[in-house]
């Protein structure tokens, strides 16, 4: 994942930020416990959001502890984790494995070869345990790779790949909440893909890499076109979210969905003097 789905800290209560940070650190700890140091390298804000959504929808027991880590060696800090933390840790490893495998096959990169080898061993039991999700990740990334090879500039098609992937990860149970969770994942996944393409457009052009916006980047209405797409996707994700019976962590989740997801977009478009503050 890309790290675009995070809180906007200045607009969050101190106690809520403490809870959010504890869940983030909880995911880091469970990645370390289950997959070692390489597991911790896959830590993202995006998966923390998924943990909070699932934990808010379902009645699940959380473990709360105080621990030290490499980032906070001097003082113990709060961590919170539960069964969904472990699930999201597993999904992180699956995503990392197939991402590295894709890099290995498409670019023959050393990083891809090494990563694929490391995560293949670590993900073996997860691929068996979560066959539906694993197949969805594999199929969606393969479909995206084909679009990229053909230099497909239909961003609706390319974004759909990541949307479909994330939808499968959010649909953890066969119940009444499945449709809404799937919709959150789908539209959020599309948002993430579009945001990442927008974020990387100038660098991709300089390095002659694929980007679905490359052919329209210089058009006069490009900025409005991208903003409208992003706004539509996140609006649909918010609409699905509001159908769920979320009570716990609701202020954190709304902070993320309504303002936090725009952090990077706002930074890209902020005047230079504001970025220097």
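Working only within segment 24-59, note down all residues that are surrounded by 14 or more Cβ atoms within 10 Å (Cβ to Cβ) and over 20 Å from the mean Cα position of the chain (by Cα).
Of everything in segment 24-59, just one residue is surrounded by 14 or more Cβ atoms within 10 Å (Cβ to Cβ) and over 20 Å from the mean Cα position of the chain (by Cα), namely 58.
Is it true that some residue in segment 169-186 is farther than 28 Å from residue 52 by Cα and either at pLDDT 95 or above or assigned to a helix (DSSP H, G or I) (or both)?
Filtering segment 169-186 for residues farther than 28 Å from residue 52 by Cα gives none.
No: zero hits.
Within segment 6-16, how many residues turn out to be without any contact (Cβ under 8 Å) to a residue 12 or more places away in the chain and more than 19 Å from the chain's Cα centre (by Cα)?
Final tally of qualifying residues: 3.
Residues to consider are 134, 164, 140, 145; find the one that is in a helix (DSSP H, G or I), over 30 Å from residue 57 (Cβ atoms) and modelled with pLDDT of 90 or more.
Numbers: 134 fails: over 30 Å from residue 57 (Cβ atoms); 164 fails: over 30 Å from residue 57 (Cβ atoms); 140 fails: over 30 Å from residue 57 (Cβ atoms).
Exactly one residue qualifies, and that residue is 145.
Restricting to segment 158-178, name every residue that is under 19 Å from the mean Cα position of the chain (by Cα) and surrounded by fewer than 15 Cβ atoms within 10 Å (Cβ to Cβ).
If the condition is that a residue be under 19 Å from the mean Cα position of the chain (by Cα) and surrounded by fewer than 15 Cβ atoms within 10 Å (Cβ to Cβ), then 178 is the only one that fits.
Listed here are the residues, each with its yes/no results for (1) in a loop (DSSP other than H, G, I, E, B); (2) touching a residue at least 24 places away in the same chain (Cβ under 8 Å); (3) within 15 Å of residue 91 (Cα to Cα).
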| site | (1), (2), (3) |
| --- | --- |
| 25 | no, yes, no |
| 39 | no, yes, yes |
| 42 | yes, yes, yes |
| 48 | no, yes, yes |
| 56 | no, yes, no |
| 69 | yes, yes, no |
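With respect to residue 198, determine if the residue is surrounded by 22 or more Cβ atoms within 10 Å (Cβ to Cβ), at pLDDT 95 or above and more than 15 Å from the chain's Cα centre (by Cα). Lay out the reasoning, then the answer.
On the way: surrounded by 22 or more Cβ atoms within 10 Å (Cβ to Cβ): yes; at pLDDT 95 or above: yes; more than 15 Å from the chain's Cα centre (by Cα): yes.
Against the criterion (surrounded by 22 or more Cβ atoms within 10 Å (Cβ to Cβ), at pLDDT 95 or above and more than 15 Å from the chain's Cα centre (by Cα)), residue 198 qualifies.
Would you confirm, using the coordinates I've provided, whether residue 232 is surrounded by fewer than 20 Cβ atoms within 10 Å (Cβ to Cβ) and assigned to a helix (DSSP H, G or I)?
Judged against the criteria, residue 232 is a match.
Quick check on residue 202: is it part of a loop (DSSP other than H, G, I, E, B) and out of contact with any helix residue (DSSP H, G or I) (no Cβ under 7 Å at 6 or more places or on another chain)?
So residue 202 does not fit the description; no.
Quick one: would you say residue 101 is more than 18 Å from the chain's Cα centre (by Cα) and part of a helix (DSSP H, G or I)?
For residue 101, the condition - more than 18 Å from the chain's Cα centre (by Cα) and part of a helix (DSSP H, G or I) - is met.
Would you mind stating whether residue 78 is surrounded by 13 or more Cβ atoms within 10 Å (Cβ to Cβ), touching a strand residue (DSSP E or B) at 6+ places or on another chain (Cβ under 9 Å) and more than 13 Å from residue 31 (Cα to Cα)?
yes
Residue check: is residue 270 under 19 Å from the mean Cα position of the chain (by Cα) and either without any contact (Cβ under 8 Å) to a residue 40 or more places away in the chain or within 26 Å of residue 144 (Cβ to Cβ) (or both)?
no
Please determine whether any residue of segment 201-208 is surrounded by 14 or more Cβ atoms within 10 Å (Cβ to Cβ) and in contact (Cβ under 8 Å) with a residue 40 or more places away in the chain.
no
The values are calculated or read from the model by the stated rules, or taken from the named source; none is laboratory data. Here the structure is a predicted model, which means the values were calculated and not measured. We place every Cβ from the backbone using ideal geometry, glycine too, and count neighbours over all the protein chains shown.
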